[in-house]
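As structure tokens, the structure follows; a few thoughts come after it.
The values are calculated or read from the model by the stated rules, or taken from the named source; none is laboratory data. Just so we're clear, the structure is a prediction, and the values are computed from it rather than from any experiment. Please note: Cβ atoms are built from the backbone with ideal geometry, for glycine as well, and neighbour counts cover all protein chains shown. The protein model used for the area step is the full one, side chains on, heavy atoms only, and it has no ligands, DNA or RNA in it. Shrake-Rupley method; radii C 1.70, N 1.55, O 1.52, S 1.80 Å.
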Amino acid sequence: MSDTNAPTTTGAGSGTGTPGTRPPVVIPRHAWQALIVLLAGMFMALLDTTIVNVALPTIRESLNASEATLSWIISGYALAFGLALIPAGRLGDRIGHKWVFFTGLALFTIASLACGLAQNDLQMIIARVVQGLAGGIFVPAVTAVIQLVFPPMARGKAFAIMGSVIGVSTALGPILGGLIIQAFGDENGWRLVFWVNLPIGVAALIAAVFMLPAGAERDPNKPSSGIDFVGLVLLSGGLVALLVPLIEGQDQGWPLWTYLTLAAGALLLVLFGAWEVNYTRRGKSPLVPPHLFSHPAFSGGVVLALVYFAAFTSIFFTISILWQAGLGHTALESGLVSIPFAIGNIVAASQSNRLAQRLGRTVLVIGVTLVTTGLIWIYLALLLIGPSITNWELLPPLLIAGLGSGFFIAPNAQFIVATVDRAEAGAASGVVGVMQRVGAAVGIAVIGSVLFGNLVVTGPGKDALASAFTTAATDAMAVSAAFSVLALLLVFVLPKRVDAHF
């Protein structure tokens, strides 16, 4: 019988090595066990970014939810997720990543239960925001623990596996959601979309206690730093103040408070910037290091991350609502529409890092060009075909957009981080992660406002409803395409090549 704790090795040659060959890399068995637990959590967090899209119309009917609530379900999750990333990572550095991961995953599992039990709009929004917050708490521990338990020469393999899990989880979401709702019906199906997390979460929590290392949680070469709570409050307040009127404004008819709230949000973000500068001058570690923005290319790259994710995450929000609420298709049929995008995404993501090494920034240019082409194609298809559009007309543009997304998402953060000094890479990476989630939140808020703001049903019957939803979805897709065009222009601020040390 083999020793279950025996290490595995990668690389050529024997353990003693031969002249001219690299000695094998010894990977402890517990490292692989830890990776399984970590990726189970990552799978849950990213599955919930896409699985909910196909459930939105049934949630709307079941809870008699407002149109703004649908935007909050996606935007609230993304914003809370993003805002938790940096402080959770800092907290893990101070007290150990194992128990931060465990706490976040436990809260995520409980919040998933609460989402499925929600009886009205407010309960759903609160549970969904808590779920996003919990995801942002435990996800930073995934990469941190991989860095700690895997030898340097083996980390690439671990991160490649993580990348595959990311691609599969996001691609599987709409299909799995559609299958669950189809099997269990509209009333119970959307609740089970959230409850699918429960068995995974409980199993991962039990495994985390035994399989995540407690003795190697902190990197001794990485100094611990405090958490900038004032900065976090100012940033959170500013972003929420901007998001609330963007989501609620159209539904409320843009009263005076929406404009005042937008102004307050802008003021809070200015105060956040001033606080971060002052905090840094006092020799403390800020939430967002101001000196990062002394690199113009980094500033442009951060805007790129925000704009691209605003375009990318809004695609299936629009299509899912059009397909079910407007055209009367089932949740499963709505999920199946995403298959071409999912296939393209997985295929391109598997090759993106290799192509990035060979082509440099060109792979990002190709990626955003394909996404832009796909979105413009979808816009034209909706405009010219109208309510009679089928999934076959959307197959080619969604496949193209999926390929582009796969080429872009995996390597984009690496190119943005490469615009700053190597010593600043960790802080820069955290900022990019936050801006991606903020972009997703803002994108859904804007697209939701356009979609529901232009939804005008002019008569009774299914034909009038389908026509109204198609017109509104066409306008919303035009905005998504505009975001993507802007992202394409911003790609050129990034360096042509990435230093191998980043």
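If I filter segment 92-99 for residues that are touching a Lys or Arg at 6+ places or on another chain (Cβ under 7 Å) and open to solvent by less than 40 Å² (accessible area, probe 1.4 Å), do I get at least one hit? So far as segment 92-99 goes, yes, one or more of its residues are touching a Lys or Arg at 6+ places or on another chain (Cβ under 7 Å) and open to solvent by less than 40 Å² (accessible area, probe 1.4 Å). When each of 298, 272 is tested for being modelled with pLDDT of 90 or more, hydrophobic (A, V, I, L, M, F, W, C) and out of contact with any Phe, Trp or Tyr (no Cβ under 7 Å at 6 or more places or on another chain), the lone residue that passes is 272.
Of all residues being in contact (Cβ under 8 Å) with a residue 60 or more places away in the chain and closer than 19 Å to residue 347 by Cβ in segment 388-403, which is surrounded by the most Cβ atoms within 10 Å (Cβ to Cβ)? Just the residue, please. Result: 401. So if I check each of 421, 463, 475, which one is among the charged types (D, E, K, R) and modelled with pLDDT of 90 or more? Criteria check complete, one pass: 475. Here residue 415 does not qualify as without any contact (Cβ under 8 Å) to a residue 60 or more places away in the chain, under 20 Å from the mean Cα position of the chain (by Cα) and either under 20 Å from residue 318 (Cβ atoms) or surrounded by 20 or more Cβ atoms within 10 Å (Cβ to Cβ) (or both).
Those helices (runs of 4 or more DSSP H) of segment 312-387 in which at least 1 residues are without any contact (Cβ under 8 Å) to a residue 12 or more places away in the chain, considering only elements entirely within it, cover 339-359, 362-385.
Of the residues in segment 341-359, not one is closer than 30 Å to residue 61 by Cβ, among the hydroxyl-bearing types (Ser, Thr, Tyr) and out of contact with any strand residue (DSSP E or B) (no Cβ under 8 Å at 6 or more places or on another chain).
The single condition among (1) open to solvent by 20 Å² or more (accessible area, probe 1.4 Å); (2) touching a residue at least 24 places away in the same chain (Cβ under 8 Å); (3) of a type outside the set (Lys, Arg) that residue 124 does not satisfy is (1).
Filtered by the rule that a residue be in contact with a helix residue (DSSP H, G or I) (Cβ under 6 Å, 6 or more places away or on another chain) and either within 27 Å of residue 247 (Cβ to Cβ) or modelled with pLDDT of 90 or more (or both), segment 478-501 gives 478, 479, 480, 481, 483, 484, 485, 486, 487, 488, 490, 491. Against the conditions (1) under 20 Å from residue 381 (Cβ atoms); (2) under 20 Å from the mean Cα position of the chain (by Cα); (3) open to solvent by 60 Å² or more (accessible area, probe 1.4 Å), residue 483 satisfies every one except (3).
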